[in-house]
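**Student:** Before anything else, here's the structure in question.
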Amino acid sequence: MAQAKVKKSTKAAIKKVAPKKVTKTASSSKKVLKEKVKVEEEILMQPPRGMRDLLPGEQPYWNQIRRVTSRLALEYGFQRIDTPAVEYANLFVRSIGEGTDIVDKEMYIFNTKGGDKVALRPEMTAGIGRAYIQHGMNVLSKPVKLFSTGPVYRYDRPQEGRYREHFQANFDAFGEQDPILDAQLIQMAHRVVQSLGIKNIQFQVNSIGCPKCRKEYQDLLVAYFESKKQKLCQNCKKRLETNPLRILDCKEDKCIQVAAMAPQSVDHLCSECRVHFKNLLEYLDELDLPYVINPRLVRGLSYYTKTVFEIWSSDEEGKKHSLGGGGRYDNLIEELGGEHTPAIGFGLGMDRLVGEMKRVHAKLYIEQKPRVFLAQLGDLAKKKSLRLFAELQKNGILTAESFGRGSLKSQLRVADKMGVEITLIVGQKEALDETVIIKDMVSGTQETVTNEKLVNAVKKILKNNVIVSHNGE
RNA sequence: GCGGGUAUCGUCUAUCGGUCAAGACAUCGGUUUGUGGUACCGAGAAGCUGGGUUCGAUUCCCAGUACUCGCCCCA
């Protein structure tokens, strides 16, 4: 009590009189140490902006996503690949394209000590495409299907569902131009999201054509917007020069009005692109997938050709949440220096998926919990407990412990809180006799068995408990 | 990058321009011997940072930072 008082007043004194001065009195030395630590804390107590920890409590959601994605990857023939989070900046500049928000203002870009200009990947496809070329995967039988999960980085303003480091599950298929693949990937994306328990999913699809017809369309579009230039927002006036397609996407009222009357890309596709899109829609109809054609869907990466799509879920209030998106990029591999390779891919935002799973209270796979607790009492028993613990685990008996605690009482308290079915108790006497007490945590009864018979005895009890609980349900 | 809101123990939430900032949950310990759940007792634990106003600020004001909502954009 009195000590606390001294502490407080000392703290106050230091704070007011001499925040950083080191005084040498014994009573204040501890306090001074704390002050020093506090300075460090400013740096160490939290990660940089937009970065966050994924705590144990939410790992079940992430595990669920990992399980579902790797299961469906297997079903659809995707093989796992992991590429670096750091690549040469130019890889992204060339693939994603200048004039895009990602490249122009959202990329983590820096020079290494060796003088290389590198970037943290803002998306995964570019790196995977690079790996595809580098490792000569063009000789594999087509399509080459690759999937990956991992962090991507965008220097953007954080808010709910948006972080500077977020995680994506990414699927790419190389070497096949048939639109059935487009449909299959959309189907797969649908199954991933649905398997996670997320309902009210909607796809938005569009075709932005190939470079040939898009050029013609873009000229048409620019001509149209030029004539209405006065009615556009500041941003869009700039976009007219840099990225006119994105004006279609603008959320400003006046731009929406202008864009509504603009020529639509689907009406200006060349015959090849038109047939491709038509076929895709037929496949989607066949699959009964919930999709709408959104002629204004553009996407923020300039490597896309033909098919583009996004996945949305909507909540009770009708609010839309973007979960992921993708599209075809038939020219990317060639532009990066490979041979002509039509390809298509999509990415899902894992953080967003977790958010939706929480919102709909998705059912989670229940992680295995220890059903046995090992308690020890006394020096000899403590010494023997580590070996016994390993012995149990080797025999497939998931066992919890709290070896650091001394009293049996406190160990039992922990065991109870964990909800284990049985506790094994080894005391001085048992350690000498080579025996163990098996305590049933429900009935409270206990029996003593020899070390030899322990594993089988425990297994038998656990097995019986399962049968009982099944009957109970 | 732009605008709005918020900032108190690990968590949730009180209070206050002036003695020791309160409680709940959680954590740890105890209620005598080698036995858990309930109960009782106890301990540790907070005013984001920096300025200003004031005799005095956690409280009022400003800035920074973080979080949050909306815009932009996206996953």
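A short reminder: the numbers here are calculations on the coordinates, not readings from a lab. All of these numbers come straight from a predicted model, not from anything done at the bench. Here the Cβ is made from the backbone with ideal geometry for all residues, glycine too, and neighbour counts use every protein chain on show.
**Student:** What are the ³J(HN,Hα) couplings of the stretch A:215-223, residue after residue, when phi is run through the Karplus curve with 6.51, -1.76, 1.60 and θ = phi - 60°? Round to Hz, x for glycine and proline.
**Tutor:** Going residue by residue, I get 4, 4, 5, 4, 4, 4, 5, 4, 4 Hz, with x marking Gly and Pro.
**Student:** Fully extended, how many nm does the chain gain between A:M261 and A:K363 (0.36 nm per residue separation, minus their Cα-Cα distance)? Could the numbers behind the result be given before it?
**Tutor:** Numbers: separation 102, 0.36 × 102 = 36.72 nm, distance 4.50 nm.
That works out to 32.2 nm of additional length.
**Student:** Restricting to DSSP loop positions (anything but H, G, I, E, B) with no more than 11 other Cβ atoms inside 10 Å of their own Cβ, which trypsin sites (Lys or Arg not before Pro) remain in the stretch A:341-444?
**Tutor:** Values: sites: A:R352, A:K358, A:R359, A:K363, A:R371, A:K382, A:K383, A:K384, A:R387, A:K394, A:R405, A:K409, A:R413, A:K417, A:K429, A:K439; in loops: A:K363, A:R371, A:R405.
Sparse-neighbourhood loop trypsin sites (Lys or Arg not before Pro): A:K363.
**Student:** Take every Cα pair under 8 Å in the stretch A:402-463 that's 6+ residues apart, average their separations, divide by the length, and report that relative contact order as a whole percent.
**Tutor:** Details: 56 pairs, mean separation 13.7, N = 62.
Rounded, it is 22 percent for the stretch A:402-463.
**Student:** Scan around A:Y108 for amide H atoms under 5 Å from its own, H built in the peptide plane at 1.01 Å from N, and keep only partners 5 or more places away or cross-chain.
**Tutor:** Long-range HN contacts for A:Y108: A:L120, A:Y155.
**Student:** Roughly speaking, what is the stretch gain from A:R191 to A:N235, that is 0.36 nm per residue apart minus the C-alpha to C-alpha distance, in nm to one decimal? Walk me through the intermediate numbers first.
**Tutor:** Working: separation 44, 0.36 × 44 = 15.84 nm, distance 3.75 nm.
Working it through step by step, the gained length comes to 12.1 nm.
**Student:** Using label points projected 7 Å from each Cα along Cα→Cβ, tell me how many nm separate A:D433 and A:I109, to one decimal.
**Tutor:** Rounded to a tenth, the inter-label distance reads 7.5 nm.
**Student:** Now a separate question. Only four residue types carry charge here, +1 at the Cβ of Lys and Arg and -1 at the Cβ of Asp and Glu. Report the dipole size of chain A about the Cα centre in Debye, rounded to the nearest 20.
**Tutor:** Details: 75 positive and 58 negative charges, 659 e Å.
The calculation lands at about 3160 debye.
**Student:** Just want to confirm a number: the relative contact order over chain A, from Cα pairs under 8 angstrom separated by 6+ residues, in percent.
**Tutor:** Working: 712 pairs, mean separation 63.5, N = 473.
Worked out over chain A, it gives 13 percent.
**Student:** From the helices alone, meaning DSSP H stretches of at least four residues, give me the mean residue ellipticity at 222 nm for chain A, per-run term -39500 (n - 2.57), in deg cm²/dmol to the nearest 500.
**Tutor:** When only DSSP H runs of four or more count, the value is -14000 deg cm²/dmol.
**Student:** In a Debye calculation with equal point scatterers on the alpha-carbon sites of the stretch A:122-271 and no solvent, what is log10 I(q)/I(0) at q = 0.08, 0.09, 0.12 Å⁻¹?
**Tutor:** -0.35, -0.44, -0.79
**Student:** I'd like to compare A:120-129, A:157-166, A:239-248, A:314-323: which one has the highest average count of other Cβ atoms within 10 Å, and what's the full order after that?
**Tutor:** Numbers: A:120-129: 24.1, A:157-166: 14.7, A:239-248: 19.1, A:314-323: 12.3.
So the peptides A:120-129, A:157-166, A:239-248, A:314-323, ranked by packing, come out A:120-129, A:239-248, A:157-166, A:314-323.
**Student:** Can you list the aspartates and glutamates whose alpha carbon is less than 17 Å from that of A:K320, not counting same-chain residues fewer than 8 positions off?
**Tutor:** Straight-line reach from A:K320, under 17 Å: A:E160, A:D249, A:E310, A:D351, A:E356.
**Student:** Let me make sure I get this right: for the stretch A:155-242, a, b and c are the square roots of the gyration tensor eigenvalues over alpha carbons, sorted descending. Under 1.5 in a/c it's rounded, otherwise prolate if a/b > b/c, else oblate. Which is it? It would help to have the intermediate numbers written out before the result.
**Tutor:** Details: a/c = 2.46, a/b = 1.43, b/c = 1.72.
Oblate shape, in that a/c is at least 1.5 and b/c is the bigger or equal ratio.
**Student:** Moving to a separate point now. Considering Cα pairs under 8 angstrom that are at least six residues apart, work out the relative contact order of the stretch A:287-410 and quote it in whole percent. Can you show the working numbers first?
**Tutor:** Details: 128 pairs, mean separation 18.7, N = 124.
Contact order relative to length: 15 percent.
**Student:** Here's another thing I want to ask about it. Give me the net charge for the shell around A:G175: Cβ to Cβ below 11 angstrom, other residues only, Lys and Arg +1, Asp and Glu -1.
**Tutor:** With Lys, Arg at +1 and Asp, Glu at -1, the neighbours total -3.
**Student:** So what's chain A giving for Rg/Rh, alpha carbon basis, Kirkwood Rh from the mean inverse pair distance?
**Tutor:** On the way: Rg = 30.6 Å, Rh = 27.4 Å.
Here the Rg-to-Rh quotient is 1.12.
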